[in-house]
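Undergrad: The structure's right below; bear with me while I get my questions together.
The values are calculated or read from the model by the stated rules, or taken from the named source; none is laboratory data. Bear in mind that the values here come from a model prediction, so they are computed numbers and not experimental data. All Cβ positions, even for glycine, are placed from backbone atoms using ideal geometry, and neighbour counts span all protein chains on display.
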Amino acid sequence: MNSLILRVATRYLAGILLIFSVYMLLRGHNEPGGGFIGGLVGATGFVLYALACGTSMAREALRIQPQTLAMIGLGIALVAGLFSIVFSDALFTGQWLFIGATDDDKGYPLSTILVFDIGVYLVVLGSILTIVFAMEEEI
């Protein structure tokens, strides 16, 4: 497309969609959202950018090949699942680490569930963008 209004608006909308996708990723453990929905929203931002500015500019904005992004995400999700074996638990059992825990305070909880969600986010983002970029380049 060659619309100036769409190109200018897309730069703002893509940024807002990416920020919202990270928000959906981080709130997904206890409320609706998570890695899958966050990845879809993030991919929407890049797809909108590709439609407005072209696939080559969207690939430059991504700065990494979408296939590589999906493979990295799959590796992160696998590591999060295998981490439970270190503690002799079943595969993909959630493990928790409390940072800054004291006797009075529980600390800030980090879990392998969040790491798994980050992996899913990257897999969804990479796979959707791989498909859409390939289709966009064929047209």
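Undergrad: Which residues, counting only those in the range 56-74, are in contact (Cβ under 8 Å) with a residue 24 or more places away in the chain and either among the β-branched types (Val, Ile, Thr) or under 14 Å from Thr112 (Cβ atoms) (or both)?
TA: Thr68, Ile72
Undergrad: Kindly evaluate Ile139 against the criterion of being among the aliphatic types (A, V, I, L, M) and within 24 Å of Leu13 (Cβ to Cβ).
TA: Working: among the aliphatic types (A, V, I, L, M): yes; within 24 Å of Leu13 (Cβ to Cβ): yes.
Yes: the conditions hold for Ile139.
Undergrad: In the range 101-139, what count of residues is obtained for those that are β-branched (Val, Ile, Thr), more than 21 Å from Leu91 (Cα to Cα) and modelled with pLDDT of 90 or more?
TA: Result for the range 101-139: 5.
Residues checked against (1) surrounded by 12 or more Cβ atoms within 10 Å (Cβ to Cβ); (2) out of contact with any Gly (no Cβ under 8 Å at 6 or more places or on another chain):
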residue	(1), (2)
Val47	yes, yes
Ala61	yes, yes
Ala70	yes, no
Ala77	yes, no
Val86	no, yes
Ile99	no, no
Asp105	no, yes
Leu110	yes, yes
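Undergrad: Among the residues of the range 27-44 satisfying the criterion of being more than 11 Å from Ile128 (Cβ to Cβ) and touching a residue at least 24 places away in the same chain (Cβ under 8 Å), which is surrounded by the fewest Cβ atoms within 10 Å (Cβ to Cβ)?
TA: Only one residue fits best here, namely His29.
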